[in-house]
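To start, the structure under review is shown below, and the notes come after it.
The values are calculated or read from the model by the stated rules, or taken from the named source; none is laboratory data. These numbers come from a predicted model, not from an experiment. Counting neighbours? That spans all protein chains shown, and the Cβs are built from the backbone with ideal geometry, glycine included. Keep in mind that these areas ignore ligands, DNA and RNA; they rest on the heavy atoms of the full protein, side chains included. Shrake-Rupley method; radii C 1.70, N 1.55, O 1.52, S 1.80 Å.
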Amino acid sequence: MSRLIAALYRLLYDGLLCRLPEPTAIAFGQSALRMLPLDRLPVFRLEDPRLAITLGGVRLENPLILAAMYYDPRILRRTMGLGFGAVTAKSITLGPRPGHPEPNLVRTRTASGPGLVNCNGFQNPGVEAFRASLRGFDHRVPLIVSVAGETVEDYVTLVRELGPLGELVEFNISSPNTKLVYEWSARPHELRILLERVRAATAKPLIVKLSPDFAEVNEREIIPAALDAGVGIVNYGNTRRIEEPRLSQGSGGLSGPEIFGATLANVRRTREKFGAALEIIGTGGVDTPAKAQALLRAGANAVGYFTGFITRGPILARRILEELVASA
Ligand SMILES: Cc1cc2nc3c(=O)[nH]c(=O)nc-3n(C[C@H](O)[C@H](O)[C@H](O)COP(=O)(O)O)c2cc1C
């Protein structure tokens, strides 16, 4: 059954979604997620005790994580019933941000499959409105809240305000679309202070989300500093910065299968270098069960994806979980 749904979704994506202008496709997809009660259909999930893991001491029913992109609680709630072991909310900033003007998302298609390039620019409602929107939110699976700031104080405030809303807290130092967070990777000394201050601001397990553009600095400075500060989980990682003249900013973050090779190499190297001291979420380019398997075999504790959710549809989680159970 899941194979059939996956094949039908490919037809829908290639035949319709891919042909609509990007903003229309996004509006269509998000409306469908809000309106269609897909999370009530058991076919989109697979429960098996062999799939359970812990991440930062938090139990996840399985190792799949929806990567940061959505902040609407109706969508977050829906995706929590679509097979993921945890769901990440979009990175939230102190104040609301309109994001970059359109075009801020374009599609790519290479031999490796369909991908995206975005310069979203942290379009989000800001901490107050986001917090209010999550009042009474029912955590069907663990929620990972994500924060993005400019200064150490921004992060500390955000982590204090949003930490209580999630089971885990991710802090984003890696989105390439604004100067807001990307620059942190180029300032490892200040980053060490940031890691320590953020660690002191919450008792929740912390995840630092890394950029694949800074592999050397990540592994030489940032991960050791994170471990010293008591931040034991890395998400490796975010999109890769590329020039893209179709976008309003002339550049953006590439996601999807083109970045998978780097994700796999980064996860493998990081596991070899840091051993069991570190928990790793492998994110970037997963759009098939085989890619999720490969990341777990290379040493990832969990696997995140976003673009695959769009290009392969909500059935992808179930397809991956079936393969994981088959090889358990
Ligand atoms: C439109 C869009 C918005 C995103 N917003 C965020 C964000 O707010 N915070 C973040 O950490 N990552 C964000 N990401 C990055 C994804 O969470 C993920 O790390 C990246 O897309 C690589 O994974 P993928 O190839 O599976 O999509 C965004 C990605 C896209 C395509």
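Some points to look at:
- Note: the chain, Cα convex hull, 120 Å³ per residue.
- The range 1-89: radius of gyration and largest Cα-Cα distance (Dmax), Å: 14.6, 43
- When the charge dipole of the chain is built from unit charges on Cβ atoms (+1 for Lys and Arg, -1 for Asp and Glu) and taken about the Cα centre, the candidate among V156, S91, G282 whose Cα reaches farthest toward its positive end is G282.
- Close amide H pairs (under 5 Å, H built 1.01 Å from N) link I92 with S146, V147, A148, residues at least 5 positions away or on another chain.
- Relative contact order (%) - criterion: Cα under 8 Å, at least six apart; region: the chain: 19
- Largest accessible area first, the residues E47, E221 order themselves as E47, E221 under a 1.4 Å probe with ligands, DNA and RNA left out.
- If you take the alpha carbon atoms of the range 53-173 and fit the smallest convex hull around them, that volume is 126 Å³ per residue.
- Antiparallel %, DSSP beta bridges [both residues in the range 2-326], to 5: 40
- Structure-based [θ]222 nm, the chain - -39500 (n - 2.57) summed over DSSP H runs of at least 4, per residue, nearest 500: -10500 deg cm²/dmol
- In the range 2-326, taking the dipole from charged Cβ atoms about the Cα centre, the farthest positive-side position among T263, S31, G253 is held by S31.
- Here the 3J(HN,Hα) profile of the range 220-228, calculated from phi with Karplus coefficients 6.51, -1.76 and 1.60 at θ = phi - 60°, is 7, 10, 6, 5, x, 5, 4, 4, 4 Hz, Gly and Pro shown as x.
- Straightening the chain between A277 and R131 buys 49.3 nm, computed as 0.36 nm per residue apart minus the Cα-Cα spacing.
- Summed over the residues of the chain and divided among them, the accessible surface reaches 40 Å² per residue at a probe radius of 1.4 Å.
- Share of carbon and sulfur in the accessible heavy-atom surface of the range 217-328 [1.4 Å probe, %]: 51
- Pairs of Cα atoms farther than 14 Å apart, the range 67-118, %: 67
- Sites D228 and T151, calculated FRET efficiency, Cβ-Cβ separation with R0 22 Å, nearest 0.05: 0.55
- Between A6 and R34, the distance separating the two model label sites (each 7 Å from Cα on the Cα→Cβ line) works out to 3.1 nm.
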